Amino acid sequence: MLKSTKRIIIAATLSAGAVMANPAYAVAAAYAPEGVCGAGFARVSDSSRPVTTSSGRVYGRVYLLYNRTTGYNCVTTIK
């Protein structure tokens, strides 16, 4: 019983470490929607909308991008 508890704790610790390591990379690329969506994506005209709180304060923005080569859209929200 003690061994399985130790294994669970170790697995949870390693998972938390992996989750905490990955957002640092995402934050570095998240300053521009093109960095989030990747190469080939460009903003669609009039593609930015504010995300507001119930009091009207702007919390972030939603962006729509399009890749002409693949025909795919990408939507991202940036705080």
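FYI, it's all coordinate maths here, none of it is from the lab. As the structure is a prediction and not an experimental result, all values here were calculated from the model. Quick reminder, even Gly has a Cβ in these numbers, built from the backbone with ideal geometry, and neighbours come from all protein chains shown.
Extending 7 Å from the Cα toward the beta-carbon at both Val62 and Ile78 defines two label points whose distance is 1.7 nm.
What the phi angles of region 50-63 give under the Karplus curve with 6.51, -1.76 and 1.60, with θ = phi - 60°, is a coupling list of x, 9, 10, 7, 5, 8, x, 6, 6, 9, x, 9, 9, 10 Hz, glycine and proline written as x.
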